[in-house]
Structures are given as structure tokens and as C-alpha cells.
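First the structure, in the form of C-alpha cells, and then the observations on it.
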Amino acid sequence: MTARLTSFALAALAVVGSSQAQAQDLAAWNGVWFTEQGAGTQISGFLASDDTHRTTQLPLVDLNAPWTNEARARFQERLAQAAISKSEGWGYPMMMMTLTPLEFVVTPEQVLILTIYRDVRAVHTDGRELSAPEDRWVTEWGESVGHWEGDTLVIETVAVRQPNLFFRAPPFSEAARYTERLRMVGPDRIEGEMTIEDPEALTRPWTVKQAYVRAEGLDHLVYDTFSNDRTTLEDGLFAILPPSEDD
Amino acid sequence: MRWPGIIVLSVLAASPPASAHHSPVMFDQTRTVTLAGTVRQFQWTNPHCYIQLVVEQDGQQVEWNLEMGAPVYLANRGWRPSTLRAGDRARITVNPLRSGANGGLVLDVVSLDGKPIGRQR
């Protein structure tokens, strides 16, 4: 009897210890993270590296992915318009692989992933399943469920509205299914990969890798409106309007 | 020199876009211009921060519209809303607008005696 009680007590202690460790690990995800390539962004809002690297900065903006012919043509058309287009934000999946920062808010029941454009992804980690296909609410950010495999967050996402908000967003269809694996490999580094299955836009699954590093000068994001847009178009070129008299 | 107080510098490497708002095509990233003047206004706003800089050109006071990244990028580099105030004198290096209008993309900000303003890198 004593031996049984002892082993029960030890097992209970192990459970408590495990949940405490998990709580500490989850808290470590909270905060602001840049993609590895976005961490060098200057006060200009741009990187200080050679322009020839531009297409490699956004891993999802890749004409060499296994696109169907029709999807590649749509993507090429979109990219051709990019120079005179503005973005309304990112949407998913672009928000995960941009040069702007992300904020993770992690609880045992859900993970929120946010951007300064007020993109919000709610990843439910409470054990629920994805909605039935006929009940899915299609949005720019999709519907996500996740679970933890040790230090790895595994996310399944569906019901993402296309085209996306970003002017260079790839032409995935609303039938796409996204599987992400995000693993904290150190206190200031998360490594991830995303596999996209899209029977309409891709000829086979496509996997893209992305690493994140903790922001140097920010421990939280501040969410503001985007009301001071002074960029305007004149004769096909952008120009800067003077400030309004009210400012 | 065409514009007193303005120095056209060497070719600078162009930059890939970090901001989601628009592409950098509006700025001539092969040229830099350095402006010395007085800050009339510093806007700490989305999607861009802006500096209104008054520069003396040919005996006239000319105001430049200078664009920066979103506040999040400035904050991550140590800038704050109070980093520049009206009346501050500054020397600002920009990629000028392709259109030739008095505007540009801010690359670097220092005081007139060369001290860094904010922590840019």
C-alpha cells in the first residue's frame, strides 16, 4: 500500500512538474519576433541590403514553386502590378513570412499571432477540431487549430480567402490547407516550416522554411490605425502629400 | 551648387521592401541627397512616420516631405515620438523622390554637428 501511494505521489509530482515546465515554456513564446530576414529593417522601413535579393526576402513570393500553369500566370500578372500597388495588410499566410514583426500571445487554450496591421490569427489549442467544411467561415486569416508536440507548435489552417491583402501575395486557392510546425530552438529563436497543399493552385505540396528572432528593441507591439497615409499617385508614380492642416 | 544646403552623395545600394504599404519604386535608390534644415513637424504615425524639414534653398525657405518607416521599425531602433521636436536642427540623408518634388525616403538622421539622432542601427 505504501509503495502504491509513493508511486502515485511521484506520478502526481511529475504531472505538476510537467505542467509547470510547459507553462514556463509557453510564456517564453510571448513577445515580438522578426523574421530572420526582417530583423535588419532600418528607420526607412526598408532593408539596407542589395535590391537584387528582394525576391528572396519573402519566401512565399516564389515563381519557382510548383504552381499550376493557371496559378503561375495569375501570379505573374499580380507581380507585374506590384510596383504601383499598395497593401492593405498581409493576411495569411503572408503575415508569417514578411519583414514586419509578429507578436505571439500564448495560453494553454489558444495562441494568438498578431501583426502591426492588426492581422489576428487565433490558433485553438484546446483540442477542438476544424469546423465541418460546409460551416467554415472563410476569411483573410483562415481557421486554425493547433497542438503542442513538446516544444513544437503544430498548426493546421484552412478557409483562407484569396486573393490575399498583400500586393505580392501568391495565388493560393480557398481550397488550400496549410500545416505549420514552429519550434523554439533557443530563447531568442524559433524555426518553422509551412507545407501548403492546394489542389487548385499547386501540382504537389510545397514546403517553405522560416526562422524568427526576438526583436531587439521591442517587448510588445503597439496597435494603431493607419490613418496618416500621405502616399499618392501622380502620373503613375507615387508622391508624398504635405501634412494636413489639422496635424 | 543648385541648392545651398543640399549635397548630392554617391550611389547607395537599393533596398528591398520591409514595409507592406507600398514598394520603394517611388524613390530614386541610386541617389542620396543630404538636407540640412530645421524640423517643423515629426509625425509618429502609421503607415509611415514623416519629418517636415525646412531647408534654405536659393534664399528661400523650402519644406521637404520626408517619409520614414512605420513607428514599429523606428521604435525597434531606439526612436521615440519625442526623438525629433519642432525647432530641432538636423542633417538628414534621403533617397529623393523620382518625380523631382521636394520629398524623399529618410536613410539617416544626425544633428548638424554630426551626432546620431535615435539609434538607427
query: How fast does region A:21-220 diffuse by Stokes-Einstein, in µm²/s, taking the Kirkwood radius from C-alpha pairs at 37 °C and 0.692 mPa s?
result: 188 µm²/s
task: Taking 7 Å along the Cα-to-C-beta vector as the label spot, tell me the residue B:40-residue A:138 distance in nanometres, rounded to one decimal.
output: 4.9 nm
task: Pairs of Cα atoms under 8 Å, at least six residues apart: use those to get the relative contact order of region A:21-220, whole percent.
output: 24 percent
Neighbour net charge for residue A:116 - beta-carbon separation under 10 angstrom, K R +1, D E -1: -2
query: Under a point spin-label approximation (7 Å from Cα along Cα-to-Cβ), what is the residue A:84-residue B:31 distance to one decimal in nm?
result: 2.2 nm
message: On a full-extension model of 0.36 nm per residue, what is the gain between residue A:151 and residue A:200, subtracting their alpha-carbon distance, rounded to one decimal in nm?
response: 14.3 nm
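Relative to the Cα centre, what is the charge dipole magnitude of chain A, using +1 at the beta carbon of each Lys and Arg, -1 at the beta carbon of each Asp and Glu, and rounding to the nearest 20 debye?
Roughly 700 debye for chain A.
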- prompt: Which FRET efficiency, nearest 0.05, do residue A:120 and residue B:58 yield, Cβ-Cβ r, R0 45 Å?
  reply: 0.30
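Could you put A:220, A:124 in order, starting from the residue whose Cβ has the fewest other Cβ atoms within 10 Å?
Fewest-to-most Cβ neighbours within 10 Å comes out as A:220, A:124.
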task: Could you check the simple spin-label distance between residue A:220 and residue A:188, using points 7 Å along Cα→Cβ, in nm with one decimal?
output: 2.2 nm
task: Note the angle between two axes, namely the Cα long axis of helix A:69-81 and the longest principal axis of the Cα atoms of chain A, as a number of degrees from 0 to 90, rounded to the nearest 10.
output: 60 degrees
task: Quick one: order B:45, A:100 by neighbouring beta-carbon count within 10 Å, fewest to most.
output: B:45, A:100
task: Counting helices only, and only those DSSP H runs with n ≥ 4, report the 222 nm mean residue ellipticity of chain A as the sum of -39,500 (n - 2.57) divided by its residues, in deg cm²/dmol to the nearest 500.
output: -6000 deg cm²/dmol
field: Proxy reagent accessibility, fewest Cβ within 10 Å first, across A:34, A:226
entry: A:226, A:34
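By the scheme Lys and Arg +1, Asp and Glu -1, what is the net charge of all other residues having a beta-carbon under 12 Å from that of residue A:103? Walk me through the intermediate numbers first.
Working: positive: A:118, A:121, A:214; negative: A:119, A:219.
Spelling it out: positives minus negatives among the neighbours equals +1.
Bear in mind these aren't lab numbers, they're just calculated from the coordinates by the rules spelled out. The structure displayed is predicted, hence computed values, not measured ones. Here Cβ is always computed from backbone atoms with ideal geometry, including for glycine, and neighbour counts include all displayed protein chains.
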